[in-house]
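Student: Here it is, the structure, as structure tokens.
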Amino acid sequence: MKRVEYPAAIRELIAQLRQMPGIGPRSAERIALWMVQARKQEPEEIAAAISNTRSAVRPCTLCGFFAIGELCEICADDARARDLLCVVEQPTDILPLEKTSAFRGRYHSLGGRISPLDRVAPEDLRIAALVERVEKEAPNEIIFALSADVEGEATTSYLVDLLKKFPVTLSRIAHGLPAGGGLESADELTLYRALSGRTKL
Ligand SMILES: [Zn+2]
């Protein structure tokens, strides 16, 4: 006797859901069955929210954070100090730093870090845009808040070499960030201390 499976459409939906981060085969199956059996319009609303969000949210043209339109909320805020620039790896590193309330300046996310192993070269990152901002905005201080592992360190050194010709103080947040884990996994107090205890480069 032939082994019975879900219809192809459901199997396909399960396969699609499994592409999402954190969704294993069991969760994918549960979600797919919920979607098929839901009596209300929730699945359709979720589908609409996904496509609306994807078309509305863009990287901020200045700092790379999530934005609706040209500039993000931080870059569009005139109350933020223009003389302080904090360089991070990912746009997702910005909110953890914001939560500490220890920083009143602006950000610049690189979109990653230099990594020969993963074939990420300086040209693949938003480094030219950073240099352009430094020329244009002439900040007093640039704080590097990259992760404390080998690649984060190498990226910081590369940027320091590139930016030391400008009349700007270069500093880095104090150590204590989890190596390799990046900013996302650091708690608020650790980040607050790391930001307030920054050191000159
Ligand atoms: Zn921005």
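Student: Using Cα atoms only, what is the angle between the long axis of helix 8-17 and the major principal axis of the chain, expressed in degrees (0 to 90) to the nearest 10?
Tutor: Compared with the principal axis, the helix lies near 20 degrees.
Student: Counting only protein heavy atoms and a 1.4 Å probe, tell me what percentage of the chain's accessible area is made up of carbon and sulfur.
Tutor: Roughly 54 percent, rounded to a whole number.
Student: Quote the relative contact order of the chain in percent (integer), defining contacts as alpha-carbon pairs under 8 Å separated by 6+ residues.
Tutor: That works out to 15 percent.
Student: What 222 nm value per residue comes from the helices of the chain, counting each DSSP H run with n ≥ 4 as -39,500 (n - 2.57) and dividing by all residues, nearest 500 deg cm²/dmol?
Tutor: Counting only the DSSP helices, I get -12000 deg cm²/dmol.
Student: Could I ask something else about it? Let's see if you can work this out: charge +1 on each Lys and Arg Cβ, -1 on each Asp and Glu Cβ, no other charges. What is the dipole magnitude of segment 1-79 about its Cα centre, in debye to the nearest 20?
Tutor: 780
Student: Mind ranking MET20, MET1, MET35 by accessible surface for me, highest first, 1.4 Å probe?
Tutor: These residues rank, largest area first, as MET1, MET20, MET35.
Student: Please quote Rg/Rh for segment 17-69 to two decimal places, taking the Kirkwood radius as Rh and restricting both calculations to Cα atoms.
Tutor: That ratio equals 1.13.
Student: Could you report segment 62-102's accessible area per residue, 1.4 Å probe, as an integer in Å²?
Tutor: Accessible area per residue: 48 Å².
Student: Shifting gears a bit: Calculate I(q)/I(0) for the chain by the Debye formula, one identical point scatterer on each C-alpha and no solvent, and give its log10 at q = 0.14, 0.15 Å⁻¹ to two decimals.
Tutor: -0.87, -0.95
Student: To the nearest 20 debye, what is the magnitude of the charge dipole of the chain about its Cα centre, counting +1 on the Cβ of each Lys and Arg and -1 on the Cβ of each Asp and Glu?
Tutor: So the dipole magnitude of the chain works out to roughly 380 debye.
Student: What does the convex hull of the alpha-carbon atoms of segment 41-134 project to on average, in nm²?
Tutor: Here the figure is 8.2 nm², rounded to one decimal.
Student: So, by mean Cβ neighbours within 10 angstrom, what's the order for 54-67, 135-148 with the highest one leading?
Tutor: On the way: 54-67: 16.6, 135-148: 18.5.
Packing proxy ranking, top to bottom: 135-148, 54-67.
Student: On a 0 to 90 degree scale, rounded to 10, what angle separates helix 127-137 from the longest Cα axis of the chain?
Tutor: 50
Student: Something else: Using Cα atoms only, what is the angle between the long axis of helix 25-37 and the major principal axis of the chain, expressed in degrees (0 to 90) to the nearest 10?
Tutor: So the helix axis and the longest Cα principal axis differ by about 60 degrees.
Student: Indicate, rounded to the nearest 5 percent, the antiparallel portion of the DSSP beta bridges found entirely in segment 58-201.
Tutor: 30
Student: I'd like the distance separating the alpha-carbon centroids of segment 55-77 and segment 110-162, in whole Å.
Tutor: What the calculation gives is 20 Å, centre to centre.
The values are calculated or read from the model by the stated rules, or taken from the named source; none is laboratory data. Since the model is a prediction, treat every value here as computed from it, not as a measurement. Using ideal geometry, Cβ is built from the backbone for each residue, glycine included, and neighbour counts are taken over all protein chains shown. Please note that ligands, DNA and RNA were not included when accessible areas were found on the heavy atoms of the full protein model with its side chains. Shrake-Rupley method; radii C 1.70, N 1.55, O 1.52, S 1.80 Å.
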